[in-house]
Amino acid sequence: EEDVLRTLASDKSEEIRAGLASNYRLSPDLQRQLALDDKPLVRAALAGRTNGDPVLLDSLAKDKDYRVRIAAAGNALSTAANLRKLAADKKYPWVRRGVAQNAGTPDDLLLKLCGDSDSEIGRASCR
């Protein structure tokens, strides 16, 4: 099985690699490989895993692509420290929305987001 997963991790199709990144049986080695993938779709799928490597999630929360940060912001395993950094993203409101909708977001951060200039973020965080 590991050989098949390793082959899929190198597939030319980013959709195949993204699907693989969501596989709960993915080994830590393959998770690390996919975290370095050049396609944001693959890294975002990895950032959305609820059984992934917390160290990789920390790294993906700092990704240059906003779509990866959105996935990390919505992940229940994201640390409070990462959620605070992601909530400070002023360029992409979708990242802040992910933080506002995350059940693990600390109450004080939700209160701060409650006053966000984006009304959808305010509604999501004032729960």
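The values are calculated or read from the model by the stated rules, or taken from the named source; none is laboratory data. Only a predicted model underlies this, so the values are computations on that prediction, with no experimental measurement involved. Methodologically, a virtual Cβ is constructed for each residue, glycine included, from the backbone with ideal geometry; neighbour enumeration extends over all protein chains shown. These area figures cover heavy atoms from the full protein model, side chains too; ligands, DNA and RNA do not enter into them. Shrake-Rupley method; radii C 1.70, N 1.55, O 1.52, S 1.80 Å.
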Exercise for review: Name the residue, out of Pro28, Pro54, Pro93, whose mean-square fluctuation peaks in a Gaussian network model built on the chain with Cα pairs under 10 Å.
Suggested key: Pro28
Exercise for review: Would you mind getting the accessible area per residue of the chain, heavy atoms of the protein chains only, 1.4 Å probe, in Å²?
Suggested key: 55
Review point. Which residue, Gly115, Gly98, Gly52, has the most motion in a Gaussian network model of the chain that connects Cα atoms within less than 10 Å?
Key: Gly115
**Study point:** the chain - mean residue ellipticity at 222 nm from DSSP helices (-39,500 (n - 2.57) per run, n ≥ 4, rounded to 500)
**Key:** -17000 deg cm²/dmol
Check your understanding: Given a 1.4 Å probe and every protein chain left where it sits, what share in percent of the accessible area of the chain is carbon and sulfur?
Key -> 54
Review point. Tell me, Kirkwood radius of the chain from alpha-carbon pair distances, in Å?
Key: 14.8
Study note, to complete from the structure: Low-density loop chymotrypsin sites (Phe, Trp or Tyr not before Pro), segment 9-99, at most 13 other Cβ within 10 Å, DSSP non-H/G/I/E/B, are Tyr24
